[in-house]
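Asks: Provided herewith is a single structure, encoded as structure tokens, for subsequent inquiry.
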């Protein structure tokens, strides 16, 4: 039996949202002379969409009596995964079909989660092909995730504040940014630097942005350059193509040039997990250490790290499955608390962006995600020392939630030198700084 294909934008007759080609902000955006990252973030054209606590609207499907509670649904999914793990494919096939049919893509967060995990299990057993989303679809869902949820903005805002403090009073700044994507992190930082600068003698900023798609990098660089020039900043962007499956082996300082007098910043936001070999084997650990030692030898002023707070790299499928299930259950619940079930942006984020993450972890051999303790250990082993986040950086993160994501379920917590953003007492993302 074939699993019904999950159709996008199916909760209402409304067409999908179409994003503008740039989320970098208007060249005429006002500059607020506060010098902090939050005011820059708020005034950026890609600013956070106003969201408000929203009660769950459950649209039951005909068979949803099967899913009597979140706990029950969790156990059903784990039992289904165990059938896959034990190789009982006929029973797994039936269980996947029943669960998928009982869960509406427009239902509550539990039903939506079931749909994504059933599809990922179907990919694992070869019942359906892996997703092949277009670049446009991925881009749209990424931009939506950045707007409707605080997780990406938190992962940009807090590192930006650490960078701003590290480069204070420096005239030439070079940022080596791993996995630049669409450059959404940088307009707020550029604006904050402009706010602090003498307009008659602005600093010069260079960003070397890495990625696996040269055309995307070039377009990102063009938009960033236009935005920086609108602020009166000197700016250059250099695209650096790195293959996603061999980044740690291919990166050497040779294609990267640091000019005399430049202060170097290295940004690893949602990147280090991509250097992990599937299953966390010793070769992967050696590659990661070699990469970090290469970065350490470049003597950066600060290295900023943001990662998902989850262990999705276990070679044990069931352990990895349960960890992913609990992690994404919290993420889906947080989206339900702020957006109605008919939100097309929410649906696209769940089915495209988060769906591909779940598929990689469950349908493949792991997502490389590790908890903060793991990253702390590997960074220290490579010669780095943690940098304490300022009180201002912590206050900004909390203010971001109060202003744009007022649901009481979101929580910010400082533990050791790492800042965590979570939902209902579960840490979901962590940020730290190193030198």
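Asks: How many residues are surrounded by fewer than 15 Cβ atoms within 10 Å (Cβ to Cβ) and part of a helix (DSSP H, G or I) if we restrict to the range 400-425?
Replies: 2
Asks: Moving to a separate point now. Do you know which of the residues in the range 371-399 that are part of a loop (DSSP other than H, G, I, E, B) and touching a strand residue (DSSP E or B) at 6+ places or on another chain (Cβ under 7 Å) is farthest from residue 275 (Cα to Cα)?
Replies: Initial filter on the range 371-399 (part of a loop (DSSP other than H, G, I, E, B)): 371, 382-385, 388-390.
When the remaining residues are screened for being touching a strand residue (DSSP E or B) at 6+ places or on another chain (Cβ under 7 Å), the result is 384-385, 389.
Details: 384: 18, 385: 20, 389: 25 Å.
Looking at residues that are part of a loop (DSSP other than H, G, I, E, B) and touching a strand residue (DSSP E or B) at 6+ places or on another chain (Cβ under 7 Å), I get 389.
Asks: Looking only at the range 111-156, which residues are at pLDDT below 95 and either in contact with a strand residue (DSSP E or B) (Cβ under 9 Å, 6 or more places away or on another chain) or at positive phi (or both)?
Replies: Passing the criteria: only 126.
Asks: Continuing with the same structure: Report yes if residue 319 is out of contact with any helix residue (DSSP H, G or I) (no Cβ under 7 Å at 6 or more places or on another chain) and free of Cβ contacts under 8 Å to residues at least 12 places away in the same chain, otherwise no. If you could, list the steps in order and put the result at the bottom.
Replies: Values: out of contact with any helix residue (DSSP H, G or I) (no Cβ under 7 Å at 6 or more places or on another chain): yes; free of Cβ contacts under 8 Å to residues at least 12 places away in the same chain: yes.
The answer is yes for residue 319.
Asks: Please work out if residue 270 is modelled with pLDDT of 95 or more, surrounded by fewer than 22 Cβ atoms within 10 Å (Cβ to Cβ) and touching a strand residue (DSSP E or B) at 6+ places or on another chain (Cβ under 7 Å). Please lay out each step first, then the result.
Replies: Details: modelled with pLDDT of 95 or more: yes; surrounded by fewer than 22 Cβ atoms within 10 Å (Cβ to Cβ): yes; touching a strand residue (DSSP E or B) at 6+ places or on another chain (Cβ under 7 Å): yes.
Taking the combined requirement at face value, the residue satisfies it.
Asks: Output the residues belonging to the range 279-307 that are outside any helix (DSSP H, G or I) and over 22 Å from residue 356 (Cβ atoms).
Replies: Kept after step one, since they are outside any helix (DSSP H, G or I), are these residues of the range 279-307: 279-281, 298-307.
Hits for the range 279-307 are 281, 298, 299, 300, 301, 302, 303, 304, 305.
Asks: Moving to a separate point now. Output the residue which, of all residues in the range 157-175 that are out of contact with any strand residue (DSSP E or B) (no Cβ under 8 Å at 6 or more places or on another chain) and modelled with pLDDT under 95, is surrounded by the most Cβ atoms within 10 Å (Cβ to Cβ).
Replies: Result: 168.
Asks: Conditions first: (1) in a loop (DSSP other than H, G, I, E, B); (2) more than 25 Å from residue 419 (Cβ to Cβ). Residue 310 passes all but one, so which condition is the exception?
Replies: Failed condition: (2).
Asks: Another question, if that's okay. Can you say whether residue 217 is at pLDDT below 95 and buried (at least 17 other Cβ atoms within 10 Å of the Cβ), as far as the supplied structure shows?
Replies: Values: at pLDDT below 95: no; buried (at least 17 other Cβ atoms within 10 Å of the Cβ): yes.
No.
Residues checked against (1) outside any loop (DSSP other than H, G, I, E, B); (2) under 20 Å from residue 356 (Cα atoms); (3) outside the structural domain of residue 430 (by TED's automatic domain parsing):
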site: 129; (1), (2), (3): no, yes, yes
site: 141; (1), (2), (3): yes, yes, no
site: 151; (1), (2), (3): yes, yes, no
site: 154; (1), (2), (3): yes, no, no
site: 157; (1), (2), (3): yes, no, no
site: 160; (1), (2), (3): yes, no, no
site: 164; (1), (2), (3): yes, no, no
site: 168; (1), (2), (3): no, no, no
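The values are calculated or read from the model by the stated rules, or taken from the named source; none is laboratory data. This is a predicted model, so every value here is computed, not measured. Cβ atoms come from the backbone with ideal geometry, glycine included; neighbour counts cover every protein chain shown.
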